[in-house]
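Working notes, beginning with the structure itself.
The values are calculated or read from the model by the stated rules, or taken from the named source; none is laboratory data. Treat the numbers as computed from the prediction; the structure is a model and nothing was measured. Every residue, glycine as well, gets a Cβ built from its backbone with ideal geometry; the counts of neighbours run over all protein chains shown. Remember, those area values only see protein heavy atoms, side chains included, never the ligands or the DNA or RNA. Shrake-Rupley method; radii C 1.70, N 1.55, O 1.52, S 1.80 Å.
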Amino acid sequence: MLGPVILAASRSDRMRRLISAAPVTKQVVDRFIPGETVDEIVPIIEDLTGKGLELTMDVVGEDITRPEQATLARDAYLRLVDRIKDLGLGERVEMSVKLSMFGQALEGGHELALANVRPVVEAAAAIGTTVTLDAEDHTTLDSMFAIHEELRRDFPQTGCVIQAYLFRTEADARRLAENGSRVRLVKGAYKEPAEVAYQQKHEIDKAYVRILKVLMEGAGYPMIGSHDPRLISVAQELARRAGRKLDEYEFQMLYGIRSDEHLRLAAEGHRMRVYTAYGTDWYGYFMRRLAEKPANLRFFVRSMITKG
């Protein structure tokens with residue numbers, strides 16, 4: 001029940017100031033966002049890949065109000081590409097981007113976001129890796145899917161994210177699976193109205209399984225974005241029924257959540273990719289992590305109390 005409240009707070013400037021000023025906040029944020037600069041994140045990349053894991057990197061930040069900020073976001077990702085190249089980890093580390101960070105919500109935002117993200121996708125391809133377009137709230141999705149389709153003409157490995165709680169997603173999954181896309185399926189972490197999205201957990205879970213079945217039986221590459229043990233077991237069974245080999249799908253989980261499970265799946269031979277965010281504009285990302293799972297919120301509140 002607190003999820004929608006926390007998601008509303010993620011858009012509140014007042015709550016941003018309050019939480020950012022709390023002395024304990026940085027210690028808790030570090031659990032989910034282990035660095036602010038690319039230099040700080042390099043040891044994390046080396047550590048996780050050294051343990052047999054793969055990564056998708058997210059430079060956090062989405063509240064863009066000027067085109068110059070979108071350019072800075074592009075340049076931040078290009079610096080990340082350079083570091084991945086220097087590390088020789090192009091085959092192990094990809095990137096995730098939010099098109100809002102590339103100017104999607106500004107005037108002429110669709111064209112602006114496409115123009116800003118294309119150089120990042122080109123640079124990623126040049127070092128043997130790729131980019132996945134993250135899903136945001138439902139009003140942005142038609143633009144995101146159009147940009148995804150445009151990018152895939154030259155870079156077919158470009159991925160995208162779909163959200164199980166939206167009514168439209170099963171149809172989106174069928175279209176994307178037929179086109180052979182790389183598709184990450186998540187439950188969804190934005191506050192969406194009942195007109196477009198399931199509101200109850202059991203409904204979302206059922207939708208997740210239906211959509212995952214579509215992806216597993218399709219021609220694309222499914223990426224299972226979930227920490228739910230039951231859904232992970234379901235995914236393994238659906239992959240078996242579809243005759244998929246271990247390298248024909250992958251699991252993805254967030255940095256700082258169920259780290260032991262990351263290692264267990266990798267040890268079993270699964271491709272296990274850790275979604276790892278870094279940067280200074282962490283607030284929106286952090287609040288969605290709290291909203292997604294009650295344990296995350298309890299961890300934050302307990303830390304506030306014990307450190308306060």
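Contact map, segment 234-258: first residue more than 19 Å from A277 (Cα to Cα) and free of Cβ contacts under 8 Å to residues at least 24 places away in the same chain, second residue open to solvent by less than 50 Å² (accessible area, probe 1.4 Å) and of a type in the set (A, V, I, L, M, F, W, C), Cβ cut-off under 8 Å, separation 6 or more or different chains; pairs are A235/L212; A235/M216; A235/I224; A235/F251; A239/M216.
What about E68, is it open to solvent by 50 Å² or more (accessible area, probe 1.4 Å) and part of a loop (DSSP other than H, G, I, E, B)? Against the criterion (open to solvent by 50 Å² or more (accessible area, probe 1.4 Å) and part of a loop (DSSP other than H, G, I, E, B)), E68 does not qualify.
Taking the conditions (1) modelled with pLDDT under 95; (2) assigned to a loop (DSSP other than H, G, I, E, B) in turn, P4 satisfies each one other than (2). Just one of the listed residues (E136, E94) is of a type in the set (D, E) and within 24 Å of A207 (Cα to Cα), namely E136. Quick one: would you say G88 is open to solvent by 50 Å² or more (accessible area, probe 1.4 Å), on the phi > 0 side of the Ramachandran plot and modelled with pLDDT of 95 or more? When the stated conditions are applied, G88 passes them.
For segment 83-117, a residue qualifies if it is without any contact (Cβ under 8 Å) to a residue 40 or more places away in the chain and assigned to a helix (DSSP H, G or I), and the qualifying residues are D86, F102, G109, H110, E111, L114, A115. I need the full set of residues from segment 116-150 which are of a type in the set (A, V, I, L, M), out of contact with any Lys or Arg (no Cβ under 7 Å at 6 or more places or on another chain) and more than 19 Å from A105 (Cβ to Cβ), in order please. Hits for segment 116-150 are V121, A123, A124, A125, A126, V131. When segment 196-232 is filtered for residues that are in a strand (DSSP E or B), without any contact (Cβ under 8 Å) to a residue 60 or more places away in the chain and more than 15 Å from K245 (Cα to Cα), only A197 remains. Inspect segment 120-133 for any residue being among the small types (G, A, S), within 20 Å of L55 (Cα to Cα), at pLDDT 95 or above and under 16 Å from the mean Cα position of the chain (by Cα) and give the result as yes or no. No: segment 120-133 contains no residue that is among the small types (G, A, S), within 20 Å of L55 (Cα to Cα), at pLDDT 95 or above and under 16 Å from the mean Cα position of the chain (by Cα).
In segment 210-256, what count of residues is obtained for those that are within 17 Å of the chain's Cα centre (by Cα) and among the charged types (D, E, K, R)? Counting residues in segment 210-256 that are within 17 Å of the chain's Cα centre (by Cα) and among the charged types (D, E, K, R) gives 2.
Of all residues in segment 136-188, those being open to solvent by 10 Å² or more (accessible area, probe 1.4 Å), of a type in the set (G, A, S) and in a helix (DSSP H, G or I) number 3. Scan T169, T158 and give me the residue that is in contact (Cβ under 8 Å) with a residue 12 or more places away in the chain and under 30 Å from D86 (Cα atoms). Sole residue among the options that is in contact (Cβ under 8 Å) with a residue 12 or more places away in the chain and under 30 Å from D86 (Cα atoms): T158.
For segment 260-280, a residue qualifies if it is open to solvent by less than 60 Å² (accessible area, probe 1.4 Å) and at pLDDT below 95, and the qualifying residues are A277, Y278, G279.
Condition first: open to solvent by 10 Å² or more (accessible area, probe 1.4 Å) and of a type in the set (A, V, I, L, M, F, W, C). Now tell me which residues in segment 93-108 satisfy that. Before you say what the answer is, go through the steps one by one.
Within segment 93-108, the subset open to solvent by 10 Å² or more (accessible area, probe 1.4 Å) is 98, 100-101, 104-108.
Listed by number, the residues that qualify are M101, A105, L106.
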